[in-house]
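Take a look at the structure set out below.
The values are calculated or read from the model by the stated rules, or taken from the named source; none is laboratory data. Computed from a predicted structure; not experimentally measured. No Cβ is skipped: glycine too gets one built from the backbone with ideal geometry, and neighbour counts run over all protein chains shown. Heavy atoms of the whole protein, side chains included, go into the accessibility calculation; ligands, DNA and RNA do not. Shrake-Rupley method; radii C 1.70, N 1.55, O 1.52, S 1.80 Å.
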Amino acid sequence: MVDSYFKSILKQFSHKSRTKKFQLFEWLFNPRPEERVLDIGASGEVFLRYTFEDVYPYPSRIVAGGYDPGEVRSARQAYPNPTYIVFDGCSLPFPDKAFDIVFSNAVIEHILGPGRQERFAREIMRVGKSWFVTTPNYWYPFESHYHLPFIQFLPENMQRSYNSMFGSHIPKRQTQELALLSAGGLKRLFPTSRIEKVRVTFWPETLVAYHLDAERLAPHTAS
């Protein structure tokens, strides 16, 4: 019963956090029906029924996908209106500035390997005129993948032991490979972006790197 109550609290927290992100996106971008949007990291399994495709007002203008064919297939089944493509986010199959907006929610921390996060960021900035990229805050004390406090600060062998003793989300005796980012790290990847810290608790849980092209920037500058 305690475990189910804990999961219910986490679900409410996650819903509130995503609501704040989507509200920020809506305020910044004020989407228009003619715009073309790329969603990197689409899935019909992760955050089902409350993801970008649930809230974006013009879903047929979305091109969505990712590297995992199963995830892309599940997204197509759950949200049939967008166009779907399997692609590597570090080598996007689109020309420069092909999209008015690139959206990516909680993907970049899963991009592993030397230089791959940098390539992922460069590709977003190459194909997008504007972008909105979110990731969990490394410095938030509760790690959102493990559902455990402080685990991201431990070496891998200690993470495995900690998760074995107390974990309930990631299988015990396993670790979740992550490349979590601080605000400074996210800024280094997206140097022309503003970094927004989004919070629903005492400390920012989520970081957002966003960039508005000149046409979009004018109204916000005026306000």
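So the values come out like this:
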| quantity | calculated |
| --- | --- |
| Value of relative contact order over the stretch 83-142, rounded to a whole percent, pairs C-alpha under 8 Å and six or more apart | 45 |
| Solvent accessible area, Å² - residue 21, 1.4 Å probe, full protein context | 20 |
| Relative contact order (%) - criterion: Cα under 8 Å, at least six apart; region: the stretch 150-223 | 16 |
| Rounded to 5, percent antiparallel among DSSP beta bridges of the chain | 40 |
| Gap separating the Cα centres of the stretch 104-144 and the stretch 22-71, nearest whole Å | 16 |
| The stretch 34-73: C-alpha gyration tensor shape, a/c 1.5 cut-off, then a/b vs b/c | oblate |
| Accessible area expressed per residue, the chain, with surrounding protein chains retained (probe 1.4 Å, Å²) | 53 |
| Contact order normalised by residue count of the chain, Cα under 8 Å, 6+ apart, percent | 17 |
| Accessible surface of the chain, 1.4 Å probe, proportion on carbon and sulfur as whole % | 56 |
| Most to least packed among 185-196, 155-166, 65-76 [average Cβ atoms within 10 Å] | 65-76, 185-196, 155-166 |
| Sequence-distant lysines (8 or more away, or on other chains) whose Cα lies within less than 19 Å of residue 16 | 7, 197 |
| Per-residue ³J(HN,Hα) for the stretch 29-37, Karplus 6.51 cos²θ - 1.76 cosθ + 1.60, θ = phi - 60°, Hz, x for Gly and Pro | 9, 6, x, 10, x, 7, 7, 9, 10 |
| Ordering of 38-44, 103-109 by packing [mean C-beta count within 10 Å, highest first] | 38-44, 103-109 |
